[in-house]
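Here, each number is a calculation from the coordinates, and none is a lab measurement. All figures in this text were calculated on a predicted structure; none of them were measured in a lab. Counting neighbours? That spans all protein chains shown, and the Cβs are built from the backbone with ideal geometry, glycine included.
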There are 2 protein chains.
Amino acid sequence: MQPVAIGLLGLGTVGAEVARLVMDREGAFARRVGRWVVLRKVAVRDPHKGRSLDLPIDRLSTDPVEVAGAPEVDVVVELMGGIEPARTAVLAALRAGKDVVTANKALLAEHGAEIFDAARRSGRAVAFEGAVGGGIPIIQSLGVGLAGNRFRFLAAILNGTCNFILSNMTRSGLSYDEALRQAQSLGYAEADPALDVDGTDTAHKLAILVQLAFGASVTTALIPRQGIDTLQSADIQYAAELGYTVKLLAVARDHGEAGLELRVAPRLVRRGSPLAEVTGPDNAIRTVGEPVGATLISGQGAGAGPTASAVIGDLIDVIVGRAALTARSLDLWPGGAPEPRLCSPRDVRRRSYLRFSIADRPGVLGSIAQVLGRHGVSIASVIQHDPGEDDQPDAPVPLVMMTHLASEADLDAAMEAIDRLLVVSPPSVRLGVED
Amino acid sequence: MQPVAIGLLGLGTVGAEVARLVMDREGAFARRVGRWVVLRKVAVRDPHKGRSLDLPIDRLSTDPVEVAGAPEVDVVVELMGGIEPARTAVLAALRAGKDVVTANKALLAEHGAEIFDAARRSGRAVAFEGAVGGGIPIIQSLGVGLAGNRFRFLAAILNGTCNFILSNMTRSGLSYDEALRQAQSLGYAEADPALDVDGTDTAHKLAILVQLAFGASVTTALIPRQGIDTLQSADIQYAAELGYTVKLLAVARDHGEAGLELRVAPRLVRRGSPLAEVTGPDNAIRTVGEPVGATLISGQGAGAGPTASAVIGDLIDVIVGRAALTARSLDLWPGGAPEPRLCSPRDVRRRSYLRFSIADRPGVLGSIAQVLGRHGVSIASVIQHDPGEDDQPDAPVPLVMMTHLASEADLDAAMEAIDRLLVVSPPSVRLGVED
């Protein structure tokens, strides 16, 4: 039997680990898929760079699109990341009749419809376990193991950089900047962490999960998002005082007729609940489906080893022909699907954590409570510490409140009115609670 | 296209839920598998029993083997449980060229080799996600999503009844008997809970997971096991004092040359670690693989809804033809495989919790410590509370110890010698720590 020839695009940390596993474990691999698997061509930026991998120079190319379309390649593994040239290369591979394995979340979140359309036209499969949650088999779980369910709810920690930073802000009381620098020095954050910390990366991954769990095609632009880069350590400490941990959560909730709620934002999660206990660079996905109930899956969400594990699993899936059957049964990113109905802030009710900077004088708490009450927001608990003798007499003092369930729209209006009060120094802080 | 005709064996709580889902969601089901799925024949004990399902009486049969072999049935779903007549029916189905979905852990653990041999001979698939962990997609995860890994370690909570009882003994300080009665009254334990609480059910499930994760064919008889039915609430309280929770764990660990460690036993698990926080009737499976690292998956481990979710997922898998490809790539329970090498107690080193009932007089702690030391077991911490004035002067008092790492063989010998001391009232208690 002919061996299966892999064309690998990208030889960064994940690409190098995949190449190593394909070469080191060729026997185990062959037993699993029934054919030998060989690394036929590899697209890299600089073919002359020193590498620990023993790859003949004639297998290297600087042109990913050429590798993707090369007639001697059977399966293309795209691990370059980013939109271009990954998009052009993946489309070239599919049009040339090759199956594709990719770990590129941005590409699928932004161009899923185009890519899956190309895959359908050529009858090929696109496998993408590595695009969400590193080595956690969440794509297989949602698409295959839990395929008999109707999902109502999904909440997930999908960015290891953010979770590492938040865990350290919580545990050591560090500021955001200090925790970010620590994450960078330990390799848990990039030199330019913008797409991680502003919630974009999490939104990419949520768009993919929502396609699988709810069959809804959303691009990242449709997902309201808020990152962790404006979080203050004071709010993490107050949340802890109230029994909560702050996590950057991706949330999708089916409100039935009212539509789908989608959101990426820092949320208060009750300590002791499963997502609150996910610390460091780990990721976790909690789903609630009918009939299965609640399920949680967690593990290392990024890094060479975990992502390579997902890519190798996908390679086996593609080579044995299973991925093609899954693609047909799931019909992901179908052409001409209407945009899903997203629910309005009026239909989303949640408890919220609020922090105001107020003038330290009588009646202020009363005026704020009055504004909240006028907008139908009722208060569950209040923290106001005695500022003590050391503080300047006229310095604003913090006032922390936890509300009962209230609609987002009512809270929007209330917060706007409160920030106009003379005794309040805006902007006030507001974080939702995910119960 | 012809519809797919299901033959369902067993219409208990899980069977009835599967039947309901197949009938209620036929549209969604057809979209997933590309054909209509109909419930053609159902084997029940009593066809005249009142049922909420709207099933014509001519689809019912009292003979599962006849339903399994019926020419008008395409796929057989076995949900009777127990070895016979399930075994005969499943073999009949496979020999008649039908794919099989089963949630029967005892059947696979005891007769996996025979059943998978029959499946291979007829080129059919056996899907069994529901056999382990209820709705948790652990079989798909190990067999497909994580298929590129080498597993070194697996620890799991696999019996919801035991976990519910232990959670309540921990939280409310109940005795085993009280917690069991509470579990029975809430429907979390059978009237005869023997196979659950003595560890047999957990061992069945471990045998299946070990086949998937380590490729080792073990029957339940090879797995040393200890249940929770002899646990005393005092030990749960002392464990809590030391920062641990007691869980019934299934553990498999690859010691390389020394062999495979397999064990079902109550274990001390450090509070705050992922498995310690799995409470109530939930199940969870933690695996450590290379390159993926540690992964945890948890959810409801039993009950009609979760198990039906797994069965429906398997049905889709079988009907679209994916299960057959998985079966070929995994080659489970291969014929003629040698029995795996199991490691000896000499090669297993762990920390242990010990409780002795000792005479309350000087020098006893010293004699016990001496015996332990003679066998190479060193002590990490000791709890001995002042018995107070209320106790009878000659009543034995408890002495609790936590050891450092020691081999099981050394500890076996030490415990035997200690229980022979005149100042000790045997039997002493010993529980391993799973770090």
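Numerical summary
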item: Exposure proxy order (Cβ contacts within 10 Å, fewest to most) of A:CYS162, A:CYS343; result: A:CYS343, A:CYS162
item: Phi-based couplings in Hz for the stretch A:256-265 (Karplus 6.51, -1.76, 1.60; Gly and Pro marked x); result: x, 3, 5, x, 9, 9, 10, 6, 10, 6
item: Counted charge near B:ASP314, where neighbours are those whose Cβ lies closer than 12 Å (Asp, Glu -1; Lys, Arg +1); result: -3
item: Antiparallel content of DSSP bridges confined to the protein assembly as shown, in %, to 5; result: 70
item: Antiparallel DSSP beta bridges within chain A, percent to nearest 5; result: 70
item: For B:GLU110, A:GLU241, order by how many other beta-carbon atoms lie within 10 Å, fewest first; result: A:GLU241, B:GLU110
item: Residues with amide H under 5 Å from that of A:ARG351, placed H, sequence gap 5 or more; result: A:ALA406, A:VAL433
item: Pairwise label distance in nanometres, B:ARG181 with B:ASP419, each label 7 Å out on the Cα-Cβ vector; result: 3.0
item: Computed [θ] at 222 nm, deg cm²/dmol, the protein assembly as shown (DSSP H ≥ 4; -39,500 (n - 2.57); rounded to nearest 500); result: -10500 deg cm²/dmol
item: Label-point separation in nm, A:ALA96 to B:ASP435, each point 7 Å along Cα→Cβ; result: 5.2
item: R0 of 56 Å, Cβ-Cβ distance A:HIS404-B:ILE383: FRET efficiency to nearest 0.05; result: 0.80
item: 7 Å along Cα→Cβ, label-point gaps from A:SER172 to other copies, nm, shortest first; result: 4.3
item: Among B:ALA113, B:ALA86, B:ALA369: highest mean-square fluctuation, GNM of chain B, C-alpha pairs under 10 Å; result: B:ALA369
item: The stretch A:1-70: relative contact order as a whole-number percent, Cα under 8 Å and 6+ apart; result: 38
item: Lys, Arg +1 and Asp, Glu -1 on Cβ, resulting dipole of the protein assembly as shown about Cα centre, debye, nearest 20; result: 2160
item: Using a 7 Å Cα-to-Cβ projection, B:PRO71 label spacings across copies, nm, ascending; result: 5.0
item: Relative contact order of the stretch A:138-300, pairs being alpha-carbon contacts under 8 Å that are 6 or more residues apart, as %; result: 34
item: Cα shape, the protein assembly as shown, gyration tensor, a/c 1.5 rule; result: rounded
item: Extended-chain gain in nm, criterion 0.36 nm per residue less alpha-carbon gap, B:THR230 and B:ASP58; result: 57.1 nm
item: Chain B: relative contact order in percent, alpha carbon pairs under 8 Å with at least 6 residues between; result: 16
item: Number of partner chain Cβ atoms within 10 Å, mean per residue of B:128-136; result: 3
item: Spin-label model distance (nm) - B:THR219 vs A:PHE153, 7 Å beyond Cα toward Cβ; result: 4.5
item: Across the identical copies, how the A:ILE83 labels are spaced - nm, sorted shortest first, 7 Å along Cα→Cβ; result: 6.3
item: The stretch B:346-433, dipole about Cα centre (Lys/Arg Cβ +1, Asp/Glu Cβ -1), debye to the nearest 20; result: 500
